[in-house]
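Since every read-out is calculated from the coordinates, none of them should be taken as a lab result. Please read all numbers here as calculations on a predicted model, not as lab measurements. Neighbour counts are summed over all protein chains in view; Cβ atoms, including those assigned to glycine, are modelled from backbone coordinates with ideal geometry.
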Amino acid sequence: MKKLSVLFSFVLLLFLANGVHAQQSDTYFVGKWDILIKGLPQGDTEALVKFELKDGKLTGSITGKADQKDMPFTDVALKDSVVVVKFDHSSGEVEMSLLKKDADNISGQVNGQFNLTGVRKKED
């Protein structure tokens, strides 16, 4: 079962690797998201993901809640209900895919290995 999951993740990432850039009309991901990345070597990790539209393009960053280190996205590719972002981390370049589940929830993976879940952060 685990091999099937890894194979599915690999195929999904290959499909997304075509690098389709964000469409101007899609604003679903815009805002702040509380995410939980599960199963990392240092344990489950919480982070805040921020997306915004700049000059009609989707941009953003990820901030670890523990260390408060803000890492801007170096690449953002959007296709249908999936966005793939890349950012530089102390361990190297990281690729994260986020899939729209419903109005306020996302799921995804980091480097095709670690699952994540996310919830849209409500503004105060």
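Things to note:
- Selection over the range 89-121 of residues that are of a type outside the set (S, T, N, Q) and assigned to a loop (DSSP other than H, G, I, E, B) gives a count of 4.
- Hits in the range 78-98 (condition: more than 15 Å from Asn111 (Cα to Cα) and either surrounded by 18 or more Cβ atoms within 10 Å (Cβ to Cβ) or of a type outside the set (D, E, K, R) (or both)): Leu78, Ser81
- Residues that are touching a Leu at 6+ places or on another chain (Cβ under 8 Å) and at negative phi were ranked within the range 109-124; the one that is surrounded by the most Cβ atoms within 10 Å (Cβ to Cβ) is Leu116.
For every residue, the table says whether it meets (1) of a type in the set (Phe, Trp, Tyr); (2) without any contact (Cβ under 8 Å) to a residue 60 or more places away in the chain.
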position	(1), (2)
Asp55	no, yes
Lys65	no, yes
Lys69	no, yes
Phe73	yes, yes
Lys79	no, no
Phe87	yes, yes
Lys101	no, yes
Asn105	no, yes
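- Residue that is surrounded by the fewest Cβ atoms within 10 Å (Cβ to Cβ), among those in the range 62-77 that are outside any loop (DSSP other than H, G, I, E, B) and hydrophobic (A, V, I, L, M, F, W, C): Met71
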